[in-house]
Amino acid sequence: MSQLDVILQGLAKKYGTDVVETGVEKNDYDRIPFSSPRLNYMTFGGLPLGHVMEFSGPEGSGKTSTAFDIIKNAQQKFKKEAKENKTEERKVVFMDVEGTFDYAWATKFGVDTSKIIRLKMAGWPASEVLNALLETMKAPEVGLAVLDSIAAMPADQLADKSVGDKIYGGIALPLQNFTNQVKRYLVENNSMVICINQVRDNLGSMFGGTTTPGGRGFKHACSVRLEFRKGKFIDDNNKELTSNAENPAGNLINVVVLKSKVFPSTRRVGYYTIKYVTGPDLLNDYIEVGLQVGVINQRGAYFDIVNPQTGEILNDNKIQGKVALRNLLEEHKEWLDLINAIIDEKDVSEIVDEETLAQANQQVANSKED
């Protein structure tokens, strides 16, 4: 046995056998998906557990709404895991620094608010907020925590300052210490922290632009950083409206991947659709992703569903208009599996079968007769 083998055995004995790995394989991260297939396509399946995330953007840009969507899907995932493993269902912690948790809006996104652990620490210094959050993340019963928001945490130094005094880097140090310490528990417990952040004018740069509070150390600690911006207003049929529309049905949420260390940054820019009454408009996003990956082909006002591997058109008759296409996808969700297969990098040939083709073609024929 070589000296290195002895050293590695000692490390494995001291820190655990999962610490030492010989031969590096592709990381298959356990993920919490978004409801929007477009965001799942951008992030290659959702947000990976075991990491720190940042959702940033100006007010009303969709940061908290998207966090609610992740919370809903996390609760569903934890419920399924508990049933399969016959264990206690893991919990979601919401650190409410702003004191603005919207129960009605969260419920609209499908969040089970009765299972949320809400920590109400509005006005508490940053070090106290982060210490409290760190303590909760030590518990393996916690699977997800959301910090809302970084910019709302008062710096510790403010307690000894007047209103007019300047504070530099007030929350950067405690935030960096928090992220450095919490990473261990995120890996051990297969959990996640999402930190919601705001944008500020970058007054220290001669080129202007914007930046986010928290310092560079926090940005470095984040495995994924997503920036959100409010997009155009839309009506019930997803038609774009002007910015001064009186009664829009929803809006687009533009998303940019600022940083990713856990999936390729090849799909950096995108958007998803949100309706104010029903939440994310999944069918519209499925159509957009389908067009992008080649499952749906558009020629003018007509659409075809295509086998992306062979280019074969799967429907006998063309589908006229997006309304007819939405109805077809709603009636036959097996077509959505084609898009999901590409998002999940699965073999689409397992999805395209004769029964699926027959059902879809019959639906197209019926819509033509009507």
Residue list for the range 231-257, filter: crowded, with 16+ Cβ neighbours inside 10 Å and of a type in the set (A, V, I, L, M):
Ile234, Leu241, Ala249, Leu252, Ile253, Val255, Val256, Val257
If I ask for residues that are closer than 21 Å to Pro33 by Cβ and surrounded by fewer than 22 Cβ atoms within 10 Å (Cβ to Cβ), which ones from the range 289-309 would you list?
Leu291, Gln292, Val293, Pro308
Would you check which residues across the range 235-253 are in a strand (DSSP E or B) and free of Cβ contacts under 8 Å to residues at least 40 places away in the same chain and list them?
Glu240, Gly250, Asn251, Leu252
Matching residues, the range 269-307, being over 16 Å from the mean Cα position of the chain (by Cα), under 16 Å from Ile339 (Cα atoms) and assigned to a strand (DSSP E or B):
Ile296, Asn297, Gln298, Phe303, Asp304, Ile305, Val306
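For the range 1-60, which residues satisfy the criterion of being among the hydrophobic types (A, V, I, L, M, F, W, C) and surrounded by fewer than 19 Cβ atoms within 10 Å (Cβ to Cβ)?
First, the residues of the range 1-60 that are among the hydrophobic types (A, V, I, L, M, F, W, C): 1, 4, 6-8, 11-12, 19-20, 24, 32, 34, 39, 42, 44, 47, 49, 52-53, 55.
Of everything in the range 1-60, those that are among the hydrophobic types (A, V, I, L, M, F, W, C) and surrounded by fewer than 19 Cβ atoms within 10 Å (Cβ to Cβ) turn out to be Met1, Leu4, Val6, Ile7, Leu8, Leu11, Ala12, Val19, Val20, Val24, Phe44.
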Reported set for the range 85-130 where residues are assigned to a helix (DSSP H, G or I) and within 24 Å of the chain's Cα centre (by Cα) is Tyr103, Ala104, Trp105, Ala106, Thr107, Lys108, Thr113, Ser114, Lys115, Val129, Leu130
List, please: which pairs have Cβ atoms under 9 Å, are six or more places apart or on different chains, and start with a residue in the range 122-135 that is surrounded by 19 or more Cβ atoms within 10 Å (Cβ to Cβ) and end with one that is among the acidic types (Asp, Glu)?
Pro125/Asp156; Ala126/Asp156
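Residues are listed down the side, and each one gets a yes or a no for (1) within 17 Å of Gln198 (Cβ to Cβ); (2) out of contact with any strand residue (DSSP E or B) (no Cβ under 7 Å at 6 or more places or on another chain); (3) modelled with pLDDT under 90:
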{"site": "Ile116", "(1), (2), (3)": "no, no, no"}
{"site": "Lys120", "(1), (2), (3)": "no, no, no"}
{"site": "Trp124", "(1), (2), (3)": "no, yes, no"}
{"site": "Val129", "(1), (2), (3)": "yes, no, no"}
{"site": "Thr136", "(1), (2), (3)": "no, no, no"}
{"site": "Leu144", "(1), (2), (3)": "no, no, no"}
{"site": "Leu158", "(1), (2), (3)": "no, yes, yes"}
{"site": "Lys161", "(1), (2), (3)": "no, yes, yes"}
{"site": "Lys166", "(1), (2), (3)": "no, yes, yes"}
So, in the range 197-223, of the ones that are surrounded by fewer than 21 Cβ atoms within 10 Å (Cβ to Cβ) and part of a strand (DSSP E or B), which residue ends up modelled with the highest pLDDT?
Thr211
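The values are calculated or read from the model by the stated rules, or taken from the named source; none is laboratory data. Keep in mind that this is a model prediction, so the values were computed, not measured. We place every Cβ from the backbone using ideal geometry, glycine too, and count neighbours over all the protein chains shown.
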